[in-house]
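Chemist: Have a look at the structure that comes next, please.
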Amino acid sequence: MNFSSKLLESAVAEFAKLPGVGQKTALRLVLHLLNREQEEVDLFGNSIIKLKQEIKHCNICHNISDNHICEICMSVKRDKEVICVVEDTRDVMAVENTSQYFGVYHVLGGLISPMDGIGPSDLFIDSLVQRVATTPVKEVILALSATMEGDTTLFYLYKKLKEFQISITTIAKGIAFGGELEYADEITLGRSIVTRVPYENSIIK
């Protein structure tokens, strides 16, 4: 793609680094910003800079938050004895959109993937075990993707948690969930949470 301006080329190159954004889409976005008022562009740029500089991760569940403890963990309306374990923040948002879950969360920050050099110590697994060991917990819902990495992580978590006197469940297989939770329709996802089953059932031969 030939550019009439090095500044334009540089901006397009940066936008094209975003997931799912090709050069043509990047160019359209940059040209759109060029046509906006300076105040709008400043607001856009400053919001990204402020996000990067000031965003925090909840000290309890590791979800993205404006404060050291997120609103979900602070809420007196949430059932602190039920923890839904998910891969990342997108999954928290997807589950929240169903309005069918009233517990709290634990964000792992990824999945165990030896091929990518990601082991249990690279994820927030130890803090999950610590939560279960030190706070009143009656159920842990494992809501991870139905992939090799997801299944590996599920089984690892089950082995770490089965010694505790808690219920370990998983949401229905066969739907898009885990890293793909954001693509599942709210009704299907909500039903899969409500009708979750004991994880042991999925590993019995």
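The values are calculated or read from the model by the stated rules, or taken from the named source; none is laboratory data. None of the values given here were measured: they were computed from a predicted structure. No Cβ is skipped: glycine too gets one built from the backbone with ideal geometry, and neighbour counts run over all protein chains shown.
Chemist: Out of all the residues in segment 74-94, which are over 18 Å from LEU157 (Cα atoms) and either part of a strand (DSSP E or B) or touching a strand residue (DSSP E or B) at 6+ places or on another chain (Cβ under 6 Å) (or both)?
Modeler: The answer is ARG78, ASP79, LYS80, THR89, VAL92.
Chemist: Can you pull out the residues in segment 66-92 that are among the polar types (S, T, N, Q) and under 23 Å from THR134 (Cα atoms)?
Modeler: Hits for segment 66-92 are ASN67, SER75.
Chemist: Which one is modelled with the lowest pLDDT among residues in segment 104-150 that are more than 18 Å from the chain's Cα centre (by Cα) and of a type in the set (Asp, Glu)?
Modeler: ASP116
Chemist: Regarding ILE141, is this residue in contact with a Lys or Arg (Cβ under 9 Å, 6 or more places away or on another chain) and under 17 Å from PRO198 (Cβ atoms)?
Modeler: Here the answer is yes, as ILE141 does meet what is asked.
Chemist: So for segment 93-104 (the condition being among the hydroxyl-bearing types (Ser, Thr, Tyr) and surrounded by 16 or more Cβ atoms within 10 Å (Cβ to Cβ)), does at least one residue qualify?
Modeler: For segment 93-104, residues among the hydroxyl-bearing types (Ser, Thr, Tyr) and surrounded by 16 or more Cβ atoms within 10 Å (Cβ to Cβ): present.
Chemist: Of all residues in segment 11-58, which are loosely packed, with under 13 Cβ neighbours inside 10 Å, under 27 Å from the mean Cα position of the chain (by Cα) and not in a helix (DSSP H, G or I)?
Modeler: LYS17, LEU18, PRO19, GLY20, GLY22, ILE55
Chemist: Can you find, within segment 59-73, the residue that is farthest from GLU149 (Cα to Cα) among those that are assigned to a loop (DSSP other than H, G, I, E, B), hydrophobic (A, V, I, L, M, F, W, C) and touching a helix residue (DSSP H, G or I) at 6+ places or on another chain (Cβ under 7 Å)?
Modeler: ILE60
Chemist: Further, regarding this structure: Are any residues in segment 95-134 more than 23 Å from LYS56 (Cβ to Cβ), assigned to a helix (DSSP H, G or I) and hydroxyl-bearing (Ser, Thr, Tyr), and if so, which ones?
Modeler: THR98
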